[in-house]
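Participant: Before we start, here is the structure in question, set down as structure tokens.
The values are calculated or read from the model by the stated rules, or taken from the named source; none is laboratory data. What you are looking at is a predicted structure, and each value in this text was computed from that prediction instead of being measured. Don't worry about glycine lacking a Cβ; one is built from the backbone with ideal geometry, like all the others, and counts go over all protein chains shown. Side chains included, ligands, DNA and RNA excluded: accessible areas come from the protein's heavy atoms. Shrake-Rupley method; radii C 1.70, N 1.55, O 1.52, S 1.80 Å.
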Amino acid sequence: MITFDRVSFSYGSRPVLNGMSFSIEETERVAILGGSGEGKTTILKLILGLLKPDSGRIWIDGIDITEKKEEELREIRTKFSIVFQEGALFDSLTVKENVAFPLREYTQMSEEEIDQKVRELLRRVGLEEAIDLMPEELSGGMHRRVAIMRSLAAFEPRMFLYDEPTSGLDPVNANIICELILNLSSKGTGFIVVTHKVFDAFKLADRFMFLKSGTILLDGDRERILQSDLSEIKIFLKELHFPQFQGGTRNV
Amino acid sequence: MDYAGSGSLLIILLISLFIGMALSLQLSAELSRVGLKMYTGKVVGISIIREIGPVLTAVVFAGRVGSGMASELGSMVLGHQVDTLRVFGVDPIKKLIVPRVLSAIVMLPALTIIGDAASLMGAYYIAVFVSHQSGAFYWSSIREVLVYENVLAGSIKPFIFGYLIACISCHMGLSTKGGAIGLRRTTTKAVVISFIIIIIADFLLTRILLYLLGFTV
């Protein structure tokens, strides 16, 4: 579904991606790992056409989106559901208005139907009571749950994209979000989750891509990550104070 | 509209009132030395309606509303809200920029008229109760300067200033990068550039309007 062919990207004079190539199928559960500023979020934005690569090509379902204009990307973007870091809810809108936003943009539903749909979506994540709250009144975990429901309100995505879905959350809320992500993918819908939390990545994904200096240092399953001798990966795991990984076990 | 208009009203009223009073005080003092105190109203009227009112209101508007626009849009960029709009197929220019530009174009002229009125009232207070001039003569001087040329010269500027402030502030906001420091930089730049552009545009507009209205310099 997604193919990156020698994609390079830089923010001004700072290179982020350096000739990166990979392919991801729509049923895969992929975790993109790496430190801050390694280009993890940039990859998600490139997939959606929110950023244009400096060089290389990006293919979605066999369509080259590299040179597509904003209006031509609209259809491509409906294939995905993205949840940005910290949810990216609209500050000036209530929870209901946030979830209803894509319904109003993409569907011809009446206000009554929109109200029913929003309540149904919020009920799925136990937030119907929060329907009239403003985003500033929500906790971090509630923010993410509302954002996830908003992202799939208007259409059934073929793939989910999550940008640091559990960052800044306590372990209980992080676990709720991980379970929600797995639940939404239970019918075989794949996802790409960008994170620097290895523990959560191991709970969610089957395939792991580890980024370093604009390239993919390692691309494989959890065995490959755990058995990797690459110092960058070992340091990354150690920095997370995750003792299970010290001995190379896979008890996650 | 509400934030740009009624939210700015009190500060515009206060500043305009005191500027009018200060101007009247200065002119009364200076003109009375040459025996021309009775012209205070006329000079105050021309200064406020054609020049000080539009520029002063625009500067306050840029400081309050322009900085608000830049910081609000900047935080939306940093919080990925603008990206979210694009993902939902919504053009951020139509959704975020056009309403802000329109509100600035509508509200700045309205605030300028109110500010001008407050300045003239402040100037009246000083002229009559401090400088002991005739109130009736003051208002008749003001009526004399409220001619087509002066009103036109003073009322075109706020529309253009409003457009410029909104465009500069929105552009700066949408260009925000680099977290809280980037947001601070963006907001400061939006205000500083707006101030500079207002002053330059004021000079150019004054030059053009004087030429078009047939004034000789």
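Participant: Mind checking which residues of the range A:149-163 are away from chain B (no Cβ under 11 Å), open to solvent by less than 10 Å² (accessible area, probe 1.4 Å) and either acidic (Asp, Glu) or touching an Asp or Glu at 6+ places or on another chain (Cβ under 9 Å) (or both)?
Facilitator: The one that is away from chain B (no Cβ under 11 Å), open to solvent by less than 10 Å² (accessible area, probe 1.4 Å) and either acidic (Asp, Glu) or touching an Asp or Glu at 6+ places or on another chain (Cβ under 9 Å) (or both): A:159.
Participant: For the range A:1-48, which residues satisfy the criterion of being free of Cβ contacts under 8 Å to residues at least 60 places away in the same chain and aromatic (Phe, Trp, Tyr)?
Facilitator: Hits for the range A:1-48 are A:4, A:9, A:11.
Participant: Which of (1) among the hydrophobic types (A, V, I, L, M, F, W, C); (2) modelled with pLDDT under 95; (3) more than 14 Å from the chain's Cα centre (by Cα) does residue A:95 not meet, given it meets every other one?
Facilitator: Of everything listed in (1) among the hydrophobic types (A, V, I, L, M, F, W, C); (2) modelled with pLDDT under 95; (3) more than 14 Å from the chain's Cα centre (by Cα), residue A:95 misses just condition (2).
Participant: Does the range A:37-70 hold any residues that are over 14 Å from the mean Cα position of the chain (by Cα), under 15 Å from residue B:84 (Cα atoms) and not hydrophobic (A, V, I, L, M, F, W, C), and which are they?
Facilitator: The answer is A:49, A:70.
Participant: Still on this structure, please answer the following. From the list A:200, A:170, pick out the single residue that is modelled with pLDDT under 90 and touching a Cys at 6+ places or on another chain (Cβ under 9 Å). So that I can check it myself, show each step before the final result.
Facilitator: Numbers: A:170 fails: touching a Cys at 6+ places or on another chain (Cβ under 9 Å).
The unique qualifying residue is A:200.
Participant: Listed residues B:41, B:89, B:68; which is within 14 Å of chain A (Cβ to nearest Cβ), open to solvent by less than 60 Å² (accessible area, probe 1.4 Å), touching a Phe, Trp or Tyr at 6+ places or on another chain (Cβ under 8 Å) and closer than 21 Å to residue B:13 by Cβ? Before the answer, list the steps.
Facilitator: Numbers: B:41 fails: within 14 Å of chain A (Cβ to nearest Cβ); B:89 fails: closer than 21 Å to residue B:13 by Cβ.
Going through B:41, B:89, B:68 in turn, just one is within 14 Å of chain A (Cβ to nearest Cβ), open to solvent by less than 60 Å² (accessible area, probe 1.4 Å), touching a Phe, Trp or Tyr at 6+ places or on another chain (Cβ under 8 Å) and closer than 21 Å to residue B:13 by Cβ: B:68.
Participant: Can you give me the ranges of the helices (runs of 4 or more DSSP H) entirely in the range A:32-116 with at least 3 residues that are open to solvent by less than 50 Å² (accessible area, probe 1.4 Å) and more than 10 Å from chain B (Cβ to nearest Cβ)?
Facilitator: By residue number, A:40-47, A:95-106.
Participant: Have a look at B:36, B:23, B:31, B:102 and point out the one that is at pLDDT 95 or above, away from every other protein chain (no Cβ under 14 Å) and surrounded by fewer than 19 Cβ atoms within 10 Å (Cβ to Cβ). Before you say what the answer is, go through the steps one by one.
Facilitator: On the way: B:36 fails: at pLDDT 95 or above; B:23 fails: surrounded by fewer than 19 Cβ atoms within 10 Å (Cβ to Cβ); B:31 fails: at pLDDT 95 or above.
The unique qualifying residue is B:102.
Participant: From B:122, B:162, B:115, B:182, which residue is under 21 Å from residue B:97 (Cα atoms) and modelled with pLDDT of 95 or more?
Facilitator: Numbers: B:122 fails: under 21 Å from residue B:97 (Cα atoms); B:115 fails: under 21 Å from residue B:97 (Cα atoms); B:182 fails: modelled with pLDDT of 95 or more.
The conditions single out B:162.
Participant: Is it true that residue B:58 is in contact with a Phe, Trp or Tyr (Cβ under 6 Å, 6 or more places away or on another chain), in contact (Cβ under 8 Å) with a residue 60 or more places away in the chain and more than 13 Å from chain A (Cβ to nearest Cβ)?
Facilitator: Working: in contact with a Phe, Trp or Tyr (Cβ under 6 Å, 6 or more places away or on another chain): yes; in contact (Cβ under 8 Å) with a residue 60 or more places away in the chain: yes; more than 13 Å from chain A (Cβ to nearest Cβ): yes.
In short, yes.
Participant: Show the residue pairs meeting these rules: Cβ distance below 7 Å; 6+ apart or different chains; first residue within the range B:27-49 and within 23 Å of residue B:118 (Cβ to Cβ); second residue among the charged types (D, E, K, R) and surrounded by 17 or more Cβ atoms within 10 Å (Cβ to Cβ).
Facilitator: From the range B:27-49, the pairs are B:28/B:37; B:31/B:37; B:48/B:116; B:49/B:116.
Participant: When you look at residue B:155, is it over 20 Å from the mean Cα position of the chain (by Cα), among the small types (Gly, Ala, Ser) and open to solvent by less than 60 Å² (accessible area, probe 1.4 Å), yes or no? If you could, list the steps in order and put the result at the bottom.
Facilitator: Working: over 20 Å from the mean Cα position of the chain (by Cα): no; among the small types (Gly, Ala, Ser): yes; open to solvent by less than 60 Å² (accessible area, probe 1.4 Å): yes.
No: the conditions fail for residue B:155.
Participant: Also, quick follow-up: Which one of A:43, A:58, A:2 is among the aliphatic types (A, V, I, L, M) and under 25 Å from residue B:179 (Cα atoms)?
Facilitator: Working: A:58 fails: under 25 Å from residue B:179 (Cα atoms); A:2 fails: under 25 Å from residue B:179 (Cα atoms).
One residue alone meets the criteria, A:43.
Participant: Could we say that residue B:96 is in a helix (DSSP H, G or I) and within 14 Å of chain A (Cβ to nearest Cβ) here?
Facilitator: Values: in a helix (DSSP H, G or I): yes; within 14 Å of chain A (Cβ to nearest Cβ): yes.
Here the answer is yes, as residue B:96 does meet what is asked.
Participant: Can you tell me how many residues within the range A:190-204 are closer than 16 Å to residue A:237 by Cβ and either open to solvent by 10 Å² or more (accessible area, probe 1.4 Å) or of a type outside the set (Val, Ile, Thr) (or both)?
Facilitator: From the range A:190-204, those closer than 16 Å to residue A:237 by Cβ are A:195-203; that's our starting set.
Subsequent filtering for residues that are either open to solvent by 10 Å² or more (accessible area, probe 1.4 Å) or of a type outside the set (Val, Ile, Thr) (or both) retains A:196-197, A:199-203.
Summing the residues that are closer than 16 Å to residue A:237 by Cβ and either open to solvent by 10 Å² or more (accessible area, probe 1.4 Å) or of a type outside the set (Val, Ile, Thr) (or both) in the range A:190-204 gives 7.
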